[in-house]
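Chemist: The structure that follows is given in the form of structure tokens.
Just so you know, all these numbers are worked out from the coordinates, no wet-lab data involved. This one's a predicted model, so the numbers in the text were calculated from it and none came from an experiment. Please note: Cβ atoms are built from the backbone with ideal geometry, for glycine as well, and neighbour counts cover all protein chains shown.
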Amino acid sequence: EGPYFLFTNGAVSGIMITESIGGEPVTFGENISELRRERGLSQRQVASELGISQALLSHYENGLREPRLDFVVKFCDYYGVSADFILGRTERRDDGEEIRSLLGRIKDLNDYANAVFVNSKGKSL
């Protein structure tokens, strides 16, 4: 069981999600609307920045139109979320950024530890 998607002519068809947060089905439109509202942005602002009309964004949010795959990718990039999140396949919003951030922190800590060790022993690890 799970969500099924049909790609035709570059458009994503059947974007009703079967898995959801809290047990209710979540649609692509609901996800993009929620992301926009969380950031306090108007449809006009987002549409302008994505290079589409406000009416088209409204249609996507209300489920009246189905986006092309290139728009799904563009929207994910715009908000920094994964396609799995935007399509309702996961509750995790990131696309690995959290892991990259943690790896960066580990590197910083390692660099700091090496610097402390060099200062106390006069040589590097």
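Chemist: Using a 7 Å offset from the Cα along the Cα-to-Cβ direction at both Asp108 and Asp77, what is the distance between the two label points in nm, to one decimal?
Modeler: In this crude spin-label approximation the distance works out to 2.8 nm.
Chemist: Next question, about the same structure. Taking H as built 1.01 Å from N, whose amide H comes closer than 5 Å to the amide H of Arg68, not counting residues under 5 places away?
Modeler: Those lying under 5 Å, H to H, from Arg68 are Val12.
Chemist: Return Tyr112, Tyr60, Tyr79 ranked ascending by Cβ neighbour count within 10 Å, so the fewest neighbours appear first. Display every interim value, and only then the final one.
Modeler: Working: Tyr112 10, Tyr60 24, Tyr79 19.
If I rank by nearby Cβ atoms, fewest first, I get Tyr112, Tyr79, Tyr60.
Chemist: If you don't mind, there's one more thing I want to ask. Stretch Ser48-Arg92 to full length: gain in nm at 0.36 nm per residue minus the Cα-Cα span?
Modeler: On the way: separation 44, 0.36 × 44 = 15.84 nm, distance 2.68 nm.
Length difference between fully extended and current span is 13.2 nm.
Chemist: At 0.36 nm per residue, minus the direct Cα-Cα distance, what do Val116 and Arg39 gain on full extension? Give it in nm, one decimal, please.
Modeler: On the way: separation 77, 0.36 × 77 = 27.72 nm, distance 4.13 nm.
Residue separation times 0.36 nm, minus the Cα-Cα distance, leaves 23.6 nm.
Chemist: So how do Ile52, Ile32, Ile106 line up by other beta-carbon neighbours within 10 Å, fewest first?
Modeler: Details: Ile52 17, Ile32 23, Ile106 10.
Final ranking by Cβ density, sparse to dense: Ile106, Ile52, Ile32.
Chemist: Something else: Explain nothing, just compute: Karplus ³J(HN,Hα) = 6.51 cos²θ - 1.76 cosθ + 1.60, θ = phi - 60°, for every residue of the stretch 48-62 in order, whole Hz, x for Gly and Pro.
Modeler: 4, 5, 8, x, 10, 7, 4, 4, 5, 4, 4, 5, 4, 4, 8
Chemist: Order of Glu66, Glu38, Glu91 from fewest to most other C-beta atoms within 10 Å?
Modeler: Values: Glu66 18, Glu38 9, Glu91 12.
By the 10 Å Cβ count, ascending, the order reads Glu38, Glu91, Glu66.
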